[in-house]
Amino acid sequence: MKTWQRKDLLGIQDLSADEINFLLDSALAFKQVGERTVKKVPSLRGKTVINLFIEPSTRTRTSFELAAKRLSADVINITASASSLVKGETLKDTALNLQALNADIIVIRHSAAGAPHFLGKFLKASVVNAGDGAHEHPTQALLDAFTIREKKGRIAGLKVTILGDILYSRVARSNVWLLTKLGAEVTLAGPSTLVPRVFEELGCRVTHNIDEALRDADVINLLRIQHERQRKTMFPSTGEYTAMFGLNKERFSRMKPDSFIMHPGPINRGVEIDSDLADGNRSVILEQVTNGLAVRMAVLFLCSGGQFSES
Ligand code: CP
């Protein structure tokens with residue numbers, strides 16, 4: 001019998017393969033809830049979930065809100081611009097005040113790496129990392145893995161290429177930790193300025209050759225250029241990036257016929273991915289979003305002490 005023992009979900013790096021598989025299996029049960037006529041369960045009735053988003057988000061914030069509502073929790077959303085953080089209140093004081101209002105779970109996105117870990121040290125409430133700077137985005141990696149497992153039936157032995165702006169990507173880091181723990185072979189690809197060799201220390205392969213990156217891949221996970229994290233000095237122009245590393249139809253035609261395309265979003269159509277490919281039948285980009293809901297229901301349920309045991 002296995003049960004979830006953690007109060008917080010702060011990252012993938014510290015999780016065991018068993019814990020990851022337990023989360024993915026729990027998400028499968030919650031995906032089935034989402035396919036019923038009545039999509040709501042009483043699992044978190046009486047609990048309060050606060051989404052504290054200090055960085056912009058469409059998918060993650062909406063997904064956590066909907067996940068909490070599907071579990072019958074009360075949900076409050078707080079954005080930086082509408083909070084007293086803009087008046088100089090510290091993150092610690094903000095979090096302590098939310099806890100004083102009996103928050104049971106605080107979901108936080110913050111531009112500073114380690115912000116969720118900091119809160120997790122002193123809060124009695126559960127803390128869930130919805131993306132901390134360039135560090136981790138654990139629920140994105142879990143929903144990516146869930147989607148791969150759903151499509152391929154397994155993760156071990158698969159070749160997954162992550163292509164794009166890796167250097168400051170929390171999605172890339174969480175994916176590398178998760179996929180390698182579950183036995184996939186991960187390749188990171190892109191310009192040498194955005195994909196330095198030091199990433200090999202995480203247990204993956206690094207290449208700056210797009211053809212080599214795509215040739216044997218079962219899955220291609222594309223990352224957008226993060227213009228907001230200052231990219232002007234990393235490559236000559238967006239056009240040049242697209243020409244050298246964009247996934248276009250010609251490159252995609254040389255990939256394995258049963259390979260598929262992932263992207264965490266938001267996508268830059270015509271930059272890292274051809275628009276038709278993003279909408280094509282080998283793209284699972286929107287399925288990832290759907291699966292994110294099930295994954296986040298599982299995370300909220302388990303971190304709040306839900307006993308979803310498996311034998
Ligand atoms: N994938 C992802 O984190 O998207 P958002 O920034 O819209 O939440």
Condition (residue is farther than 20 Å from GLN226 by Cα and of a type outside the set (A, V, I, L, M)) applied to the range 130-139: is it met by at least one residue? no
Selection over the range 1-36 where residues are in a loop (DSSP other than H, G, I, E, B), aliphatic (A, V, I, L, M) and farther than 11 Å from LEU142 by Cβ yields a count of 2
If a residue must be assigned to a loop (DSSP other than H, G, I, E, B) and out of contact with any helix residue (DSSP H, G or I) (no Cβ under 9 Å at 6 or more places or on another chain), how many such residues does the range 68-89 contain? 2
Flagged pairs (Cβ under 6 angstrom, 6 or more apart or on separate chains; first in the range 262-283, without any contact (Cβ under 8 Å) to a residue 12 or more places away in the chain; second away from the ligand (no atom under 16 Å from the Cβ)) are ARG269/SER275
Helices (runs of 4 or more DSSP H) lying entirely in the range 230-304 (those with 3 or more residues that are at pLDDT 95 or above, within 16 Å of the ligand (Cβ to nearest atom) and open to solvent by less than 20 Å² (accessible area, probe 1.4 Å)): 285-303
Look at the range 127-161 and say how many of its residues are of a type in the set (Gly, Ala, Ser), surrounded by fewer than 24 Cβ atoms within 10 Å (Cβ to Cβ) and touching a residue at least 40 places away in the same chain (Cβ under 8 Å). 1
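The values are calculated or read from the model by the stated rules, or taken from the named source; none is laboratory data. Only a predicted model underlies this, so the values are computations on that prediction, with no experimental measurement involved. When we count neighbours, we look across all protein chains shown, and the Cβ atoms used for this are built from the backbone with ideal geometry, even at glycine. Note: accessible area is taken over every heavy atom of the protein model, side chains too, but ligands, DNA and RNA are not part of it. Shrake-Rupley method; radii C 1.70, N 1.55, O 1.52, S 1.80 Å.
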